[in-house]
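Visitor: Here it is: the structure, laid out below.
The values are calculated or read from the model by the stated rules, or taken from the named source; none is laboratory data. Remember, it's a predicted structure, so these values are computed and weren't measured experimentally. Here the Cβ positions follow ideal geometry from the backbone for every residue, glycine too, while neighbour counts run over all protein chains shown.
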Amino acid sequence: MVMLDRAGAAGVREAAYLALRRAMPAANLAAALRCSVRLQEALPDREELARNLVLVAFGGGKDSAYALAFVRAMQLILDRVNGSTFRMRVVTNRHAGMPRAVLVNVDRAYAALRLDADPDCELLLVDGNEVAPFDVDAPQRDHVIRRNRLDILMTGHRTFADGRPTFCNACNLSVVNSFGLAASYGDGADVFITGDSQQEQRQYALWVGRLARRLAPPTKPSQGNGVGRLLSHIDRLSQVYFTDIHGPGAAADVIEQRRVSSDVPDRLQFFSIYADTQYAAGDHLELLTGFLGFTFDDLAFSFTESDCGNPALMAHLRALKCERVFGRSYAEGMAEYVEFALGLMRRKDFPPDLVELMRARYEGPGAVSRMRGAADDYARETFGLTEEQLVCMAFSPFAGNGSGLAEFLQREHPGLLGRAVEIHALLADESEPAGELAAELERISGLELAQLRVLYRSSLRTPGQAGTDVIETVLVGDPHKATIRTRHTKDGPSTLEQISGR
């Protein structure tokens with residue numbers, strides 16, 4: 001970033017303010033003015049505003065893009081009123097399921113808001129536990145892809161590839177970790193901007209506290225401020241969760257890599273913009289698509305997400321399960337997931353135009369086969385997962401002492417059915433593997449033998465349940481699930497099943 005003198009920085013901010021004032025509806029700009037007064041009162045140093053660092057999380061989706069524009073408006077307003085303003089740090093957490101189109105949206109938003117030209121704006125990209133300046137062309141980190149892939153497989157194989165636990169649990173913990181990393185980076189942050197209401201913050205903190213006490217009781221009293229305590233609770237949950245997923249014998253670095261950073265400054269506090277950013281969901285679409293240059297990419301915009309391609313893969317897995325496990329058609333399974341996901345969009349008050357856009361994507365001649373091909377390509381290119389491996393995950397044949405192994409082999413790999421006893425012995429035994437058979441199981445599942453043995457010793461519950469006590473406890477109260485009416489055989493009776501996703 002080219003450093004500007006005071007006059008140059010003032011020019012950048014003036015241009016940014018005038019452009020944002022033209023693009024942002026007057027009511028929203030007035031709300032930013034009101035909120036800026038509250039924010040100034042909440043800053044540790046109300047006189048020398050530049051001594052305050054405000055942290056904003058920008059995932060690259062439509063809602064966080066609006067929140068970023070709103071905070072930038074507050075920063076520019078305070079600069080015009082006081083002749084100086086707070087410094088802003090923006091962090092984007094990147095996981096393997098974030099398509100490049102999302103980073104391009106982030107980059108366009110930064111340019112539109114002149115953040116990339118303002119010396120008091122620090123733009124960060126977090127990959128796993130690595131923090132670096134934002135770079136739209138920075139390649140995905142191979143170790144992050146491998147980590148995400150393993151978490152997906154180890155969870156999916158215990159939940160019959162149910163969407164929410166398979167893809168979101170580990171990802172959500174990595175997002176929280178990025179908050180802790182960004183808050184403690186350099187000299188640390190003073191204020192963390194959130195779009196949640198104070199009531200939502202309290203409810204979330206209580207929920208995390210109860211969950212931590214149940215699954216991961218502290219060995220000593222929690223230290224630090226409210227934010228630090230919250231992050232330390234989540235860190236303990238993370239360690240319990242990943243120990244459950246990867247097995248108590250997992251290498252220490254496997255768990256350590258997935259911990260949540262909680263070493264944040266004691267002065268760090270949350271500040272909610274919720275009260276000033278309540279709006280009908282479609283009110284700011286013109287600001288997004290016009291001014292910020294936000295585009296709803298076919299892959300990056302998947303149902304309720306506008307910054308992740310994984311929900312498209314969740315739909316694909318549901319359709320594969322319907323086709324291969326239930327013996328029905330792929331299209332029927334896709335229709336079940338689409339109906340569920342569109343219901344989530346409506347409950348989240350998505351603009352009708354976006355709901356219709358998503359519905360149309362999966363409707364009409366050729367739509368199902370087109371989306372199947374797109375999801376298949378995405379799974380292979382993003383995670384290195386073949387359709388054969390996705391189908392294996394949908395059967396979940398190895399967990400629970402291989403309770404579903406015989407059916408899986410009969411349906412998908414009949415040539416191995418005569419070796420079922422040998423496979424059971426291989427998975428139950430800790431001795432050196434028989435190379436040819438182990439290699440075949442690794443090819444079919446995408447997992448190494450040691451990981452398959454962890455699955456074999458792990459619990460497995462009936463389809464529609466979460467899979468383990470830990471996973472089930474985490475999912476209690478999660479709104480991203482529903483009970484649907486389906487059939488588990490081609491001509492079988494109608495039955496109820498709980499599915500989850502995004």
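Visitor: From the list F242, F179, which residue is more than 28 Å from E122 (Cβ to Cβ), in contact (Cβ under 8 Å) with a residue 60 or more places away in the chain and under 20 Å from the mean Cα position of the chain (by Cα)?
Guide: One residue alone meets the criteria, F242.
Visitor: Any residue at all in region 436-454 that is more than 28 Å from V144 (Cβ to Cβ), surrounded by fewer than 15 Cβ atoms within 10 Å (Cβ to Cβ) and either of a type in the set (V, I, T) or at pLDDT below 95 (or both)?
Guide: Yes, region 436-454 has at least one match.
Visitor: Taking into account only those residues within region 49-77 that are in a helix (DSSP H, G or I) and of a type in the set (V, I, T), which is farthest from R141 (Cα to Cα)?
Guide: This residue is I77.
Visitor: Only residues in region 196-218 that are of a type in the set (F, W, Y) count as the first member; pair them with residues that are exposed (fewer than 13 other Cβ atoms within 10 Å of the Cβ) and outside any loop (DSSP other than H, G, I, E, B), Cβ under 7 angstrom, at least 6 apart or cross-chain, and list the lot.
Guide: Listed by first residue and then by second, the contacts come to nothing, as the list is empty.
Visitor: Inspect all residues belonging to region 413-420 and state whether any of them is surrounded by 14 or more Cβ atoms within 10 Å (Cβ to Cβ), within 25 Å of the chain's Cα centre (by Cα) and modelled with pLDDT of 90 or more. Don't jump to the end; show me each part of the working.
Guide: The initial filter retains those residues of region 413-420 that are surrounded by 14 or more Cβ atoms within 10 Å (Cβ to Cβ), namely 413, 416-417, 419-420.
Going one step further and asking which of them are within 25 Å of the chain's Cα centre (by Cα), we end up with none.
No, every residue in region 413-420 fails to be surrounded by 14 or more Cβ atoms within 10 Å (Cβ to Cβ), within 25 Å of the chain's Cα centre (by Cα) and modelled with pLDDT of 90 or more.
Visitor: Right, here's the next one. I'd like to check something: does region 366-376 contain any residue that is buried (at least 17 other Cβ atoms within 10 Å of the Cβ) and among the charged types (D, E, K, R)?
Guide: For region 366-376, residues buried (at least 17 other Cβ atoms within 10 Å of the Cβ) and among the charged types (D, E, K, R): present.
Visitor: If you don't mind, there's one more thing I want to ask. Counting only residues that are among the β-branched types (V, I, T) and in contact (Cβ under 8 Å) with a residue 12 or more places away in the chain, which one in region 245-289 is nearest to S458 (Cα to Cα)?
Guide: Going through the qualifying residues, I end up with I245.
Visitor: Within 30 Å of L150 (Cβ to Cβ), part of a helix (DSSP H, G or I), touching a residue at least 60 places away in the same chain (Cβ under 8 Å) and among the hydrophobic types (A, V, I, L, M, F, W, C), is that true of A101?
Guide: Against the criterion (within 30 Å of L150 (Cβ to Cβ), part of a helix (DSSP H, G or I), touching a residue at least 60 places away in the same chain (Cβ under 8 Å) and among the hydrophobic types (A, V, I, L, M, F, W, C)), A101 qualifies.
Visitor: Among the residues that make up region 22-32, is at least one of them out of contact with any helix residue (DSSP H, G or I) (no Cβ under 9 Å at 6 or more places or on another chain), exposed (fewer than 13 other Cβ atoms within 10 Å of the Cβ) and part of a loop (DSSP other than H, G, I, E, B)?
Guide: No, region 22-32 has no match at all.
Visitor: Among the residues of region 342-359, which ones are farther than 13 Å from S302 by Cα and crowded, with 16+ Cβ neighbours inside 10 Å?
Guide: If the condition is that a residue be farther than 13 Å from S302 by Cα and crowded, with 16+ Cβ neighbours inside 10 Å, then P351 is the only one that fits.
Visitor: Continuing with the same structure: For region 283-298, state whether one or more residues are assigned to a loop (DSSP other than H, G, I, E, B), at pLDDT 90 or above and closer than 26 Å to L452 by Cβ.
Guide: Checking region 283-298: not a single residue is assigned to a loop (DSSP other than H, G, I, E, B), at pLDDT 90 or above and closer than 26 Å to L452 by Cβ.
Visitor: Something else about it: Could you figure out which of (1) over 27 Å from the mean Cα position of the chain (by Cα); (2) under 21 Å from V106 (Cβ atoms); (3) of a type in the set (S, T, N, Q) isn't true of N52?
Guide: (2)
Visitor: One residue is enough: does region 192-203 have a residue meeting the conditions modelled with pLDDT of 95 or more and either loosely packed, with under 15 Cβ neighbours inside 10 Å or under 30 Å from L39 (Cβ atoms) (or both)? Show your work before the answer.
Guide: Here is the first cut: in region 192-203, the ones modelled with pLDDT of 95 or more are 192-193.
This time we only want the ones that are either loosely packed, with under 15 Cβ neighbours inside 10 Å or under 30 Å from L39 (Cβ atoms) (or both), so: 192-193.
Yes, some residue in region 192-203 is modelled with pLDDT of 95 or more and either loosely packed, with under 15 Cβ neighbours inside 10 Å or under 30 Å from L39 (Cβ atoms) (or both).
Visitor: Just one of R80, R108, R89 is basic (K, R) and either assigned to a strand (DSSP E or B) or touching a strand residue (DSSP E or B) at 6+ places or on another chain (Cβ under 6 Å) (or both); which is it?
Guide: Details: R80 fails: either assigned to a strand (DSSP E or B) or touching a strand residue (DSSP E or B) at 6+ places or on another chain (Cβ under 6 Å) (or both); R108 fails: either assigned to a strand (DSSP E or B) or touching a strand residue (DSSP E or B) at 6+ places or on another chain (Cβ under 6 Å) (or both).
So the residue among R80, R108, R89 that is basic (K, R) and either assigned to a strand (DSSP E or B) or touching a strand residue (DSSP E or B) at 6+ places or on another chain (Cβ under 6 Å) (or both) is R89.
Visitor: Restricting attention to region 116-131, which residues are within 20 Å of S178 (Cα to Cα) and crowded, with 20+ Cβ neighbours inside 10 Å?
Guide: Listed by number, the residues that qualify are C121, E122, L123, L124, L125, V126, D127, G128.
Visitor: Would you call Y362 more than 22 Å from the chain's Cα centre (by Cα), closer than 30 Å to D283 by Cβ and surrounded by 14 or more Cβ atoms within 10 Å (Cβ to Cβ)?
Guide: So Y362 passes the test.
Visitor: Out of the residues in region 464-487 meeting the condition of being in a loop (DSSP other than H, G, I, E, B), in contact with a helix residue (DSSP H, G or I) (Cβ under 8 Å, 6 or more places away or on another chain) and surrounded by 11 or more Cβ atoms within 10 Å (Cβ to Cβ), tell me which one is modelled with the lowest pLDDT.
Guide: Among them, the one singled out is A466.
Visitor: Moving on. Quick one: is M24 in contact with a Cys (Cβ under 7 Å, 6 or more places away or on another chain) and not polar (S, T, N, Q)?
Guide: Details: in contact with a Cys (Cβ under 7 Å, 6 or more places away or on another chain): no; not polar (S, T, N, Q): yes.
No.
Visitor: Regarding M314, is this residue within 20 Å of Y378 (Cα to Cα), in contact with a Phe, Trp or Tyr (Cβ under 8 Å, 6 or more places away or on another chain) and either surrounded by fewer than 19 Cβ atoms within 10 Å (Cβ to Cβ) or in contact (Cβ under 8 Å) with a residue 60 or more places away in the chain (or both)? Talk me through it step by step, then tell me what you get.
Guide: Details: within 20 Å of Y378 (Cα to Cα): yes; in contact with a Phe, Trp or Tyr (Cβ under 8 Å, 6 or more places away or on another chain): yes; either surrounded by fewer than 19 Cβ atoms within 10 Å (Cβ to Cβ) or in contact (Cβ under 8 Å) with a residue 60 or more places away in the chain (or both): yes.
For M314, the condition - within 20 Å of Y378 (Cα to Cα), in contact with a Phe, Trp or Tyr (Cβ under 8 Å, 6 or more places away or on another chain) and either surrounded by fewer than 19 Cβ atoms within 10 Å (Cβ to Cβ) or in contact (Cβ under 8 Å) with a residue 60 or more places away in the chain (or both) - is met.
Visitor: In the set F58, F134, which member is more than 14 Å from L288 (Cβ to Cβ), without any contact (Cβ under 8 Å) to a residue 60 or more places away in the chain and surrounded by 20 or more Cβ atoms within 10 Å (Cβ to Cβ)?
Guide: Numbers: F58 fails: more than 14 Å from L288 (Cβ to Cβ).
The match here is F134.
Visitor: Can you name the condition, by its number, that G228 falls short on among (1) modelled with pLDDT under 80; (2) of a type outside the set (A, V, I, L, M, F, W, C); (3) in a helix (DSSP H, G or I); (4) buried (at least 16 other Cβ atoms within 10 Å of the Cβ)?
Guide: G228 satisfies all of (1) modelled with pLDDT under 80; (2) of a type outside the set (A, V, I, L, M, F, W, C); (3) in a helix (DSSP H, G or I); (4) buried (at least 16 other Cβ atoms within 10 Å of the Cβ) except (1).
Visitor: Now for a separate question. Just checking, does region 164-173 include any residue being crowded, with 19+ Cβ neighbours inside 10 Å, out of contact with any helix residue (DSSP H, G or I) (no Cβ under 9 Å at 6 or more places or on another chain) and either part of a helix (DSSP H, G or I) or of a type in the set (F, W, Y) (or both)?
Guide: No: region 164-173 contains no residue that is crowded, with 19+ Cβ neighbours inside 10 Å, out of contact with any helix residue (DSSP H, G or I) (no Cβ under 9 Å at 6 or more places or on another chain) and either part of a helix (DSSP H, G or I) or of a type in the set (F, W, Y) (or both).
Visitor: Here are the criteria: (1) buried (at least 23 other Cβ atoms within 10 Å of the Cβ); (2) free of Cβ contacts under 8 Å to residues at least 60 places away in the same chain; (3) assigned to a loop (DSSP other than H, G, I, E, B). Tell me which single one R158 does not satisfy.
Guide: Among (1) buried (at least 23 other Cβ atoms within 10 Å of the Cβ); (2) free of Cβ contacts under 8 Å to residues at least 60 places away in the same chain; (3) assigned to a loop (DSSP other than H, G, I, E, B), the lone unmet condition for R158 is (2).
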